[in-house]
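Okay, structure first, notes after.
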Amino acid sequence: MSTDVNGLICKIHRGATIRAVFKDECFGVVNVKLAHAAGHLEDVMAETRYQLAGNAPQLYERETVRTLGRPLAELMCAHVSLHAGDRVLDAACGTGIVTRVAVQRYGDLEHVVGVDLNAGMLEVARVNTPVTRVPIEWRQGDVCALPFPDASFEVVLCQQGLQFVPNPLVALREMRRVLVPGGRLACTVFSEIPAYYAALAGALARHVSADAATSCLSRYTLRDAATLRQLIEDAGFGAIEMHVLEVMRPMPASPASVVEDMARAPYARDVAAVEEAARQAVGREVSAALYAYRDGDAVVIPHRSHLVQAQVA
């Protein structure tokens, strides 16, 4: 079975069927550690619905936002200039970390609206709404059909959401539609495959399935700078500037933690379908591959992202 990471990415571009693609690993199965300790990992994994159900949004907020989402949002907002009176849309807002950072940094905005398709993520966003002078609203909606009139915002922000929508070009055109003339877009998407996921995809291809490996890498399909720039241009934006932002993300390094991570992933069913020995082999191989990144009991993995800034042409 091929373990070529670039080949798997190409497979995604050619339209390979991916059972489910979501915004992070913390989806579907919850309380995996308890289930694993009780010896019921296969049963729990088999019940995965690949949706943000149960406490998955809380796990996303607690684990992923803490180690990646917040540091990246802080970098993004440090590079993006927001002005007094700006109306800001946080597109594909998830649990609202970009909104929280933006209102803390810029206290004179007119208002900020966070929109996301998933009700569970929005509920966590509401619970974590900061005390601020800036009015904040959370709305459920599809970034490919934004529920706002034309020219409703001066700024659209989108952190690590564009690569997960069914049609990024349609989503970008919707973002342009809701911007005023001269309105500004700022979005981030991953610019390379982090070492953790490169190692995981290779091990999945060897021990689980090519489909699982492909799903693991699906979030990196817009990493090519030229492709991303062309997509932004095709959506009707100009004055495009691109930079790379880097977050040094701490991640668990043990073989057991890799297995637990897979149980929360969109490809959890594929992993559950193989023998326990195969799952343990994935855990061992990924843990060994990350030796150079070890820092005590964890690994610290660079996560690099394109920051794209553009204006309505």
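Values quoted throughout were computed directly from the atomic coordinates according to the rules given, and no laboratory measurement underlies them. In this text the structure is predicted, and so the values were computed from the model without any measurement. Methodologically, a virtual Cβ is constructed for each residue, glycine included, from the backbone with ideal geometry; neighbour enumeration extends over all protein chains shown.
Averaged across orientations, what area in nm² does the convex hull of the alpha carbons in region 64-121 project?
Projected area, direction-averaged: 3.8 nm².
Rounded to a whole number of µm²/s, how large is the Stokes-Einstein D of region 136-209 at 20 °C and 1.002 mPa s, given Rh as the Kirkwood radius over C-alpha pairs?
Using the Kirkwood radius from Cα pairs, D works out to 148 µm²/s.
Fewest to most neighbouring Cβ within 10 Å: what's the order for 97, 136, 240?
240, 136, 97
For the ranges 299-306, 269-276, what's the packing order if you count other beta-carbon atoms within 10 Å of each residue, average per peptide, and put the highest first?
The peptides rank, most packed first, as 299-306, 269-276.
Could you tell me how many cubic angstrom of Cα convex hull volume region 265-313 has per residue?
Roughly 143 Å³ of hull volume per residue.
Compute the separation of the alpha-carbon centres of region 114-149 and region 236-295 and state it in Å as a whole number.
So the separation of the two Cα centres works out to 28 Å.
So what are the ³J(HN,Hα) numbers for region 84-99, from phi and the Karplus equation (6.51, -1.76, 1.60; θ = phi - 60°), rounded to whole Hz, Gly and Pro as x?
Computed from phi, the couplings for region 84-99 are 4, x, 5, 9, 10, 10, 9, 7, 6, 6, x, 8, x, 5, 5, 4 Hz.
Can you compute the FRET efficiency between residue 167 and residue 110 using 1/(1 + (r/R0)^6), with r the Cβ-Cβ distance and R0 = 41 Å? Round to the nearest 0.05.
0.85
Between residue 304 and residue 83, what is the spin-label point distance in nm, taking each point 7 Å from the Cα along the Cα→C-beta axis?
3.3
So how long is each side of region 89-146 along the principal axes, counting just the alpha-carbon atoms, biggest first, in Å?
Principal-axis extents of region 89-146 (Cα, largest first): 28, 21, 14 Å.
Work out, step by step, the length gained on full extension between residue 239 and residue 133: first 0.36 nm times the residue separation, then minus their alpha carbon distance; give nm to one decimal.
Between residue 239 and residue 133, full extension yields an extra 35.0 nm.
Tabulate in residue order the Karplus-calculated ³J(HN,Hα) for region 260-268, using 6.51 cos²θ - 1.76 cosθ + 1.60 with θ = phi - 60°, rounded to whole Hz; enter x for Gly and Pro.
Whole-Hz 3J(HN,Hα) from phi for region 260-268: 4, 4, 5, 5, 9, 8, x, 9, 4.
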